[in-house]
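> If you scroll down you'll find the structure; I have some questions about it.
The values are calculated or read from the model by the stated rules, or taken from the named source; none is laboratory data. Since this is a predicted model, take the numbers as computed values, not measurements. Here the Cβ positions follow ideal geometry from the backbone for every residue, glycine too, while neighbour counts run over all protein chains shown.
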Amino acid sequence: MVGGGIIGTMHALLAVEAGHEVVHIERDSKPLSASVRNFGLVWVSGRAAGGELAIALRARQLWEEIGSKAEIGFRPQASLTIAQNEAEFEVMVAAAAMDDAHERGFRLLDRNQVQTLEPVLQGKFVGALQCTQDGAVEPSLLLGGLRDYLAKHPNYSWKPNFEVVDFYHDEHGNHVTDIEGSKISSDLLVICPGSAHQGFLAEFLADAPLRRVHLQMGATVPFGATLGHSIADADSMRYYPAFKDLALDTMPPQEEIAAQYKMQLLLVPRLDRSFTIGDTHEYQEPFSHEILEAPYDHLRKVISNIFGAPAPTIARRWSGNYSQITSTDLYFRKELAPGAVVVTGGGGRGNTISPAIAEETINSWPK
């Protein structure tokens with residue numbers, strides 16, 4: 001397996017548990033990219049009807065199974081999408097009546113019901129759409145916890161600081177080499193490069209329906225009270241495909257800053273009671289990689305409106321990139337040679353469906 005992010009690590013985990021001997025390669029000393037810079041959400045609620053929802057529900061089941069074995073901070077943490085006005089609430093009424101609402105665990109809540117669940121929410125809002133199928137893991141624990149679990153398996157080995165610069169296939173199998181000429185060979189090879197679309201993969205991905213997405217996020221100081229749900233605002237309904245057929249245009253227009261940076265509020269409570277908050281979306285390269293303060297000002301305002309109190313201080317800010325498929329497929333998989341594939345493009349849903357992506361790859365292997 002090439003790639004120590006969540007998709008690569010899930011392939012390693014499921015391959016080991018299927019009885020394969022796995023060498024797990026990572027270019028850095030430890031993963032530093034999108035998998036450790038995200039919310040850690042297992043976000044079933046926003047997935048499109050049909051195949052996308054089905055794979056998300058399967059992944060949610062796998063996450064719970066994996067979380068029972070590995071120290072990754074998994075919790076079946078439901079979400080609340082907050083309606084700050086009647087127009088937003090009416091769209092949520094329609095969402096709660098969708099044909100697959102039961103599968104998603106949707107439940108429409110009025111203000112009193114929300115405050116019974118979360119007394120800390122005392123701001124200006126009408127109600128919420130709850131999704132009991134959502135969950136969360138802890139990004140700071142996730143990959144290390146999975147590798148610690150894998151390290152107990154005699155058929156697993158972890159090889160960091162191995163940056164692949166070439167790949168080839170011959171009659172002896174599949175081979176990757178690093179800049180010093182060291183070689184690792186295998187019968188089966190899965191390359192999970194994340195947003196690293198260039199280098200030795202450029203020729204294979206030249207016409208791939210992939211783009212990179214740049215985003216900003218942050219983390220607050222620990223909050224003084226316990227919050228048992230992840231929180232989203234109604235702008236998230238504009239972003240996630242589950243809601244695309246609802247009357248979104250009846251909601252008040254987004255604030256200018258939110259529309260400019262294609263923003264939504266996602267707020268995820270962490271084990272230390274801090275919140276991860278975000279996020280923005282930038283699709284046109286080259287990215288500036290500047291950390292802009294205006295989006296954080298907007299997030300603080302929305303959080304204050306929902307909580308009815310000043311938003312917690314932001315302690316850390318960061319940006320990052322992920323790889324996103326632009327076709328109707330849910331992620332990108334391409335055979336490079338017999339027994340060798342590249343898997344990427346899950347961005348926006350990659351953390352959620354990563355175990356199911358890996359399961360599909362491994363189920364495609366010869367028995």
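> Only residues that are hydrophobic (A, V, I, L, M, F, W, C) and crowded, with 18+ Cβ neighbours inside 10 Å: list them for the stretch 1-22, please. I'd like the intermediate steps shown before the answer.
Residues of the stretch 1-22 that are hydrophobic (A, V, I, L, M, F, W, C), as a first pass: 1-2, 6-7, 10, 12-16, 18, 22.
Answer for the stretch 1-22, where residues must be hydrophobic (A, V, I, L, M, F, W, C) and crowded, with 18+ Cβ neighbours inside 10 Å: M1, V2, I6, I7, M10, A12, L13, L14, A15, V16, V22.
> Another question, if that's okay. Of (1) within 30 Å of I231 (Cβ to Cβ); (2) modelled with pLDDT of 95 or more, K183 satisfies all except one. Which?
So K183 meets the others, but not (1).
> Filter the stretch 320-338 down to residues that are closer than 24 Å to L215 by Cβ and assigned to a loop (DSSP other than H, G, I, E, B), then give me how many there are.
Start the filter on the stretch 320-338 by keeping residues that are closer than 24 Å to L215 by Cβ, which leaves 320-333.
Keeping just the survivors that are assigned to a loop (DSSP other than H, G, I, E, B) gives 326-331.
Number of matching residues: 6.
> Step by step: first the residues of the stretch 143-172, then only those that are in contact with a Gly (Cβ under 9 Å, 6 or more places away or on another chain) and hydrophobic (A, V, I, L, M, F, W, C), then the one that is farthest from E64 (Cα to Cα). Which residue is that?
Here the residue is V165.
> Filter the stretch 145-157 down to residues that are surrounded by 16 or more Cβ atoms within 10 Å (Cβ to Cβ) and of a type in the set (A, V, I, L, M, F, W, C) and give me whichever is nearest to G4 (Cα to Cα).
L146
> If I ask for residues that are more than 14 Å from V268 (Cβ to Cβ) and assigned to a loop (DSSP other than H, G, I, E, B), which ones from the stretch 24-43 would you list?
Residues satisfying the conditions are E26, R27, D28, S29, K30, P31, L32, S33.
> It is to be established whether one or more residues within the stretch 48-57 are outside any helix (DSSP H, G or I), closer than 29 Å to L117 by Cβ, in contact (Cβ under 8 Å) with a residue 60 or more places away in the chain and within 21 Å of the chain's Cα centre (by Cα). Break it down into steps so the answer makes sense when it comes.
Here is the first cut: in the stretch 48-57, the residues outside any helix (DSSP H, G or I) are 48-50.
So of that shortlist, the ones also closer than 29 Å to L117 by Cβ come out as 48-49.
Of the ones still in play, those that are also in contact (Cβ under 8 Å) with a residue 60 or more places away in the chain are 48-49.
Subsequent filtering for residues that are within 21 Å of the chain's Cα centre (by Cα) retains 48-49.
Looking for residues that are outside any helix (DSSP H, G or I), closer than 29 Å to L117 by Cβ, in contact (Cβ under 8 Å) with a residue 60 or more places away in the chain and within 21 Å of the chain's Cα centre (by Cα), one finds at least one in the stretch 48-57, hence yes.
> Looking at (1) part of a helix (DSSP H, G or I); (2) surrounded by fewer than 21 Cβ atoms within 10 Å (Cβ to Cβ); (3) of a type in the set (D, E); (4) in contact (Cβ under 8 Å) with a residue 12 or more places away in the chain, can you tell me which one E65 breaks?
If we test E65 against (1) part of a helix (DSSP H, G or I); (2) surrounded by fewer than 21 Cβ atoms within 10 Å (Cβ to Cβ); (3) of a type in the set (D, E); (4) in contact (Cβ under 8 Å) with a residue 12 or more places away in the chain, just (4) comes out false.
> I25 passes all but one of (1) more than 16 Å from the chain's Cα centre (by Cα); (2) over 17 Å from A196 (Cβ atoms); (3) surrounded by 20 or more Cβ atoms within 10 Å (Cβ to Cβ); (4) of a type outside the set (S, T, Y); which number fails?
Failing condition for I25: (2).
> Could you please let me know if P310 is surrounded by fewer than 21 Cβ atoms within 10 Å (Cβ to Cβ) and more than 26 Å from R211 (Cα to Cα)?
Yes; evaluated as a whole, the condition is true for this residue.
Yes/no matrix, rows are residues, columns are (1) among the hydrophobic types (A, V, I, L, M, F, W, C); (2) touching a Leu at 6+ places or on another chain (Cβ under 9 Å):
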site	(1), (2)
R270	no, no
R273	no, yes
Y283	no, no
F287	yes, no
P295	no, no
L299	yes, yes
I303	yes, yes
T313	no, no
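Matching residues to (1) more than 26 Å from the chain's Cα centre (by Cα); (2) modelled with pLDDT of 95 or more:
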residue: V165; (1), (2): yes, yes
residue: I179; (1), (2): yes, no
residue: D187; (1), (2): yes, yes
residue: P193; (1), (2): no, yes
residue: L201; (1), (2): no, yes
residue: L205; (1), (2): no, yes
residue: P209; (1), (2): no, yes
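> Exactly one condition in (1) out of contact with any strand residue (DSSP E or B) (no Cβ under 7 Å at 6 or more places or on another chain); (2) over 23 Å from E255 (Cβ atoms) is not met by I325; state its number.
(1)
> Related question: Is there a residue in the stretch 265-276 that is at negative phi and of a type in the set (D, E, K, R)?
Yes, the stretch 265-276 contains a residue that is at negative phi and of a type in the set (D, E, K, R).
> To continue, here is another question. Look through the stretch 169-181, keep the residues that are without any contact (Cβ under 8 Å) to a residue 60 or more places away in the chain and not in a loop (DSSP other than H, G, I, E, B), and return whichever of them is nearest to H20 (Cα to Cα). Step through it out loud before you land on a result.
The first filter runs over the stretch 169-181 and keeps only residues without any contact (Cβ under 8 Å) to a residue 60 or more places away in the chain, leaving 170-172, 175, 177-181.
Remaining after also requiring not in a loop (DSSP other than H, G, I, E, B): 170, 175, 177-178.
Numbers: D170: 21, H175: 17, T177: 21, D178: 23 Å.
Going through the qualifying residues, I end up with H175.
Residue-by-condition table, conditions (1) polar (S, T, N, Q); (2) under 21 Å from L266 (Cβ atoms); (3) in a loop (DSSP other than H, G, I, E, B):
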{"site": "V93", "(1), (2), (3)": "no, no, no"}
{"site": "Q122", "(1), (2), (3)": "yes, yes, yes"}
{"site": "Q130", "(1), (2), (3)": "yes, yes, no"}
{"site": "Y149", "(1), (2), (3)": "no, no, no"}
{"site": "H153", "(1), (2), (3)": "no, no, yes"}
{"site": "F162", "(1), (2), (3)": "no, no, yes"}
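> Within the stretch 6-45, track down each residue that is within 24 Å of D134 (Cβ to Cβ), at pLDDT below 95 and small (G, A, S).
Passing the criteria: S33, A34, S35, G40.
> Further question on the same structure: Spot the failing condition for F200; the list is (1) in contact (Cβ under 8 Å) with a residue 40 or more places away in the chain; (2) within 30 Å of E26 (Cα to Cα), and only one is missed.
Just one mismatch for F200, condition (1).
> Tell me yes or no: at least one residue of the stretch 137-144 is in contact with a strand residue (DSSP E or B) (Cβ under 9 Å, 6 or more places away or on another chain) and exposed (fewer than 13 other Cβ atoms within 10 Å of the Cβ). If you could, list the steps in order and put the result at the bottom.
Narrowing the stretch 137-144 to residues in contact with a strand residue (DSSP E or B) (Cβ under 9 Å, 6 or more places away or on another chain): 137-139.
Adding the requirement that they be exposed (fewer than 13 other Cβ atoms within 10 Å of the Cβ) leaves none.
Within the stretch 137-144, none of the residues are in contact with a strand residue (DSSP E or B) (Cβ under 9 Å, 6 or more places away or on another chain) and exposed (fewer than 13 other Cβ atoms within 10 Å of the Cβ).
> Now, a different point. Can you name every residue in the stretch 95-119 that is part of a helix (DSSP H, G or I), surrounded by 15 or more Cβ atoms within 10 Å (Cβ to Cβ) and under 23 Å from the mean Cα position of the chain (by Cα)?
Residues satisfying the conditions are A95, A101, E103, R104.
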